[in-house]
1. Counting only residues that are among the charged types (D, E, K, R) and in a strand (DSSP E or B), which one in region 270-288 is farthest from the ligand (Cβ to nearest atom)?
2. Could you pull out the residue among Pro188, Pro275, Pro202 that is closer than 20 Å to Gly44 by Cα and loosely packed, with under 15 Cβ neighbours inside 10 Å?
3. Only one of Pro170, Pro175 is more than 22 Å from Gln4 (Cα to Cα) and either more than 21 Å from the chain's Cα centre (by Cα) or buried (at least 19 other Cβ atoms within 10 Å of the Cβ) (or both); which?
4. What number of residues in region 56-74 are closer than 18 Å to Leu22 by Cα and touching a residue at least 60 places away in the same chain (Cβ under 8 Å)?
5. Could you identify the single residue in Arg117, Arg53, Arg105, Arg77 that is over 20 Å from the mean Cα position of the chain (by Cα) and crowded, with 18+ Cβ neighbours inside 10 Å?
6. Among the numbered criteria (1) more than 30 Å from Ile9 (Cβ to Cβ); (2) touching a residue at least 24 places away in the same chain (Cβ under 8 Å), which one does Pro173 miss?
7. Does Val220 fit the bill of being within 12 Å of the ligand (Cβ to nearest atom), in contact (Cβ under 8 Å) with a residue 60 or more places away in the chain and of a type in the set (A, V, I, L, M)?
8. Would you check which residues across region 140-156 are hydrophobic (A, V, I, L, M, F, W, C) and either part of a loop (DSSP other than H, G, I, E, B) or surrounded by 20 or more Cβ atoms within 10 Å (Cβ to Cβ) (or both) and list them?
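What follows is calculated from the coordinates using simple rules that are stated; it is not laboratory data. Keep in mind that what you see is a predicted model, and the values were worked out from it rather than measured. With ideal geometry, Cβ positions are generated from the backbone for all residues, glycine too; neighbour counts draw on all protein chains shown.
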Amino acid sequence: MKAQRILIIGGGFSGMSAAIELRKAGADVDLVEIDPEWRNYGAGISLGGATLRAFGQLGILDAFLEHGSAHDGVSLRLPHGPCIAELPTPRIAGPSVPGGGAIMRPVLARILADATRAAGTNVRLGCTFKTFEQDASGVDVTFSDGRRQRYDLVVGADGLYSGVRATLFPGAPAPQYNGQAVWRAVVPRPPEITTATIWIGPRVKPGVNPVSKSEMYLFVTEPRPLNERVDPSTFLDHLRGLLADFPASELQAIRAQLNPESLIVFRPLEGLLVPRPWSKGRVVMIGDAVHATTPHLASGACIGIEDAIVLAEELGRHAALPASLAAYEERRWERCRMVVENSARLGEIEVTGGDKAEHERIMRDSLAALAQPI
Ligand SMILES: Cc1cc2nc3c(=O)[nH]c(=O)nc-3n(C[C@H](O)[C@H](O)[C@H](O)COP(=O)(O)OP(=O)(O)OC[C@H]3O[C@@H](n4cnc5c(N)ncnc54)[C@H](O)[C@@H]3O)c2cc1C
């Protein structure tokens, strides 16, 4: 890939991972990110063993283990506290690396941004594309800062509301609201919380996951038939209200601790699976731009990062670009479809109060599938 000039549009987890892997392969990489401050919002993110395996490939596993939290298993509990199951999380990233974990999003974003820059990526912040026009030998891109440059390949990694997708495939489906929202907050971590822990209520599902030695993040899924704006001044009372029906002592302690500084974030859940193809000519898409999943399997970041790894591998494997892009899509489609569709079904079961046995079966089957090589 030595002579290749590649543009990545979007500096989220997927775009940064693509920059790291493509630089390793020797390509000349520009990355444009629309946010001048390259921010990521202050919530925790849960990561499975497959994500930690991908971190190993990117070379950021040690930084994650230092600044995040890695642990084994998921503890499932009843609303008043008793444990009903301990779901095993296989050690996919190697025998010495726990099977899952979590970290604050801004911390992971900083680790990836440092690795992106250290790899020699030319990063331009506060910049986006205005137009791209392609012919048989390249793509001419004009940018919001007035520049115009020609590339061998453009990678669209600009997330759920992707402008690259809208330009390439104006008829692509729009994100779909799933009837649920998730609340997140950051709270102190008591010593008894050693791993991801979820309390299974009839409709509302709170959980916590350690993000460091001293903190954990709280997530609470709530059915909401309409995707309506919620006034931020009501966040604290609403979140406390959702926890009122859970007598478990850990949740009541969290409820008492929540305060205006708890970084409460509210987010309606949307999913999207863009039908194939995921590329046109010399422009290809990765991550949420083509497959945004609801967080029921905590694997959205994972599959976007894996896209980046597989794309770089396939670009290095074939002499002709169409063969590389076809091989990338072929390797990614089934795994990403499985994550998006199974997550959507889990959400549906939760919203309708559906079959708990089906919910558990989908969880187990999906986690087993995610453990497979990519
Ligand atoms: C509530 C919620 C909870 C989640 N929890 C988890 C979890 O626990 N575990 C997990 O693995 N996944 C989780 N996910 C999914 C995960 O956050 C996403 O899958 C992942 O962040 C996608 O990364 P991305 O880089 O593809 O897209 P994004 O993170 O959306 O990044 C896109 C980047 O492109 C930039 N951009 C946008 N437009 C342009 C443009 N025109 N030009 C230049 N730059 C642009 C944006 O500023 C952004 O930096 C969750 C998602 C949600 C909604």
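1. Of the residues in region 270-288, the ones among the charged types (D, E, K, R) are 270, 276, 280, 282, 288.
Now drop any that are not in a strand (DSSP E or B), which leaves 270, 280.
Numbers: Glu270: 7, Lys280: 17 Å.
Ranking the candidates gives Lys280 first.
2. One residue alone meets the criteria, Pro188.
3. Values: Pro175 fails: either more than 21 Å from the chain's Cα centre (by Cα) or buried (at least 19 other Cβ atoms within 10 Å of the Cβ) (or both).
Answer to the selection: Pro170.
4. Matching residues across region 56-74 total 2.
5. Working: Arg117 fails: crowded, with 18+ Cβ neighbours inside 10 Å; Arg53 fails: over 20 Å from the mean Cα position of the chain (by Cα); Arg105 fails: over 20 Å from the mean Cα position of the chain (by Cα).
Selected residue: Arg77, the only one of Arg117, Arg53, Arg105, Arg77 that is over 20 Å from the mean Cα position of the chain (by Cα) and crowded, with 18+ Cβ neighbours inside 10 Å.
6. With (1) more than 30 Å from Ile9 (Cβ to Cβ); (2) touching a residue at least 24 places away in the same chain (Cβ under 8 Å) applied to Pro173, the lone miss is (1).
7. Values: within 12 Å of the ligand (Cβ to nearest atom): yes; in contact (Cβ under 8 Å) with a residue 60 or more places away in the chain: no; of a type in the set (A, V, I, L, M): yes.
No.
8. Restricting attention to region 140-156, the residues satisfying the condition of being hydrophobic (A, V, I, L, M, F, W, C) are 141, 143, 153-155.
Hits for region 140-156 are Val141, Leu153, Val154, Val155.
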